[in-house]
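Q: My questions all concern the structure below.
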Amino acid sequence: MATLTKNKSNQANVLVVLRDNDYNEEEAKLLKKIINATGTDFEKEIILLKLKDEESIYLFDVLTSLKVNQVIVFGLNSNALGLNLIPKKYEIFSVSGQNVLLSDSLNVLLKDEQSKKSLWQSLKIFFHIDGNK
């Protein structure tokens, strides 16, 4: 069963979806660093949804029940999200009116500098970050 971690405030507007086995201490540090670099407060503005190994969800249903504006997915494909479309990694698309961004897993990002750069370029658009940051 998926683990949903809500923050302590009601200000959450970003849902982060990833595999539970892709969230050890090192990956958790990277995720916080990525989120904080966007100007988003990890502790206040993030809802974390961790899926078990082969578990899948219907992202549309999740978004219907959660009040978030944006979704970042790490290491999952469209099948695991119950999507009938095949979006490309690092390209922003919409599900139920919310912007969604698919990325490589945190584990891959730790090892692959090019994936990190691709993610950052997309996050700058996703979060409307000035190019000077």
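Q: Among the residues that make up segment 103-121, is at least one of them touching a helix residue (DSSP H, G or I) at 6+ places or on another chain (Cβ under 6 Å), at positive phi and either surrounded by 18 or more Cβ atoms within 10 Å (Cβ to Cβ) or among the aromatic types (Phe, Trp, Tyr) (or both)?
A: No, every residue in segment 103-121 fails to be touching a helix residue (DSSP H, G or I) at 6+ places or on another chain (Cβ under 6 Å), at positive phi and either surrounded by 18 or more Cβ atoms within 10 Å (Cβ to Cβ) or among the aromatic types (Phe, Trp, Tyr) (or both).
Q: Can you give me the ranges of the strands (runs of 3 or more DSSP E) entirely in segment 1-105 with at least 2 residues that are of a type in the set (S, T, N, Q)?
A: Those strands (runs of 3 or more DSSP E) span 3-5, 98-103.
Q: Of all residues in segment 24-75, which are of a type in the set (Gly, Ala, Ser), surrounded by fewer than 18 Cβ atoms within 10 Å (Cβ to Cβ) and under 21 Å from Leu109 (Cβ atoms)? Outline the logic, then answer.
A: Step one: filter segment 24-75 for residues of a type in the set (Gly, Ala, Ser), giving 28, 37, 39, 56, 65, 75.
Right, trim to surrounded by fewer than 18 Cβ atoms within 10 Å (Cβ to Cβ) and you get 28, 37, 39, 56, 65.
Scanning segment 24-75 gives Ala28, Ala37, Gly39.
Q: Could you list, in sequence order, the residues of segment 67-98 that are farther than 19 Å from Asp41 by Cα and of a type in the set (D, E, K, R)?
A: Lys88, Lys89, Glu91 - these are the residues of segment 67-98 that are farther than 19 Å from Asp41 by Cα and of a type in the set (D, E, K, R).
Q: I need the full set of residues from segment 36-63 which are over 20 Å from Val95 (Cβ atoms) and in contact with a Leu (Cβ under 9 Å, 6 or more places away or on another chain), in order please. Lay out the reasoning, then the answer.
A: In the first step, residues of segment 36-63 are kept if they are over 20 Å from Val95 (Cβ atoms); the result is 36-37, 39, 41-44, 52-54.
Of everything in segment 36-63, those that are over 20 Å from Val95 (Cβ atoms) and in contact with a Leu (Cβ under 9 Å, 6 or more places away or on another chain) turn out to be Ala37, Phe42.
Q: Exactly one of (1) of a type in the set (A, V, I, L, M); (2) assigned to a helix (DSSP H, G or I); (3) modelled with pLDDT under 95 is unmet by Val108. Its number?
A: (3)
Q: Within the set of pairs 6+ apart or on separate chains, which have a first residue in segment 87-101 that is over 19 Å from His128 (Cβ atoms), a second that is of a type in the set (A, V, I, L, M, F, W, C) and in a strand (DSSP E or B), and C-beta atoms under 7 Å apart?
A: Between residues of segment 87-101 that are over 19 Å from His128 (Cβ atoms) and residues that are of a type in the set (A, V, I, L, M, F, W, C) and in a strand (DSSP E or B), the close pairs are Pro87/Phe93; Pro87/Leu102; Lys89/Leu102.
Q: A follow-up question, please. Return yes when Lys124 is among the basic types (Lys, Arg), part of a helix (DSSP H, G or I) and modelled with pLDDT of 90 or more and no when it is not. Reasoning before the result, please.
A: On the way: among the basic types (Lys, Arg): yes; part of a helix (DSSP H, G or I): yes; modelled with pLDDT of 90 or more: yes.
Spelling it out, Lys124 is indeed among the basic types (Lys, Arg), part of a helix (DSSP H, G or I) and modelled with pLDDT of 90 or more.
Q: With respect to Phe93, is the statement that it is over 12 Å from the mean Cα position of the chain (by Cα), under 17 Å from Val16 (Cβ atoms) and modelled with pLDDT of 95 or more true? Even if it seems obvious, please write down each step before you answer.
A: Values: over 12 Å from the mean Cα position of the chain (by Cα): yes; under 17 Å from Val16 (Cβ atoms): yes; modelled with pLDDT of 95 or more: yes.
Yes, satisfied.
The values are calculated or read from the model by the stated rules, or taken from the named source; none is laboratory data. The model shown is predicted, which means the values in this text are computed figures rather than measured ones. Positions of Cβ are generated from backbone atoms using ideal geometry, with glycine treated the same way; all protein chains shown enter the neighbour counts.
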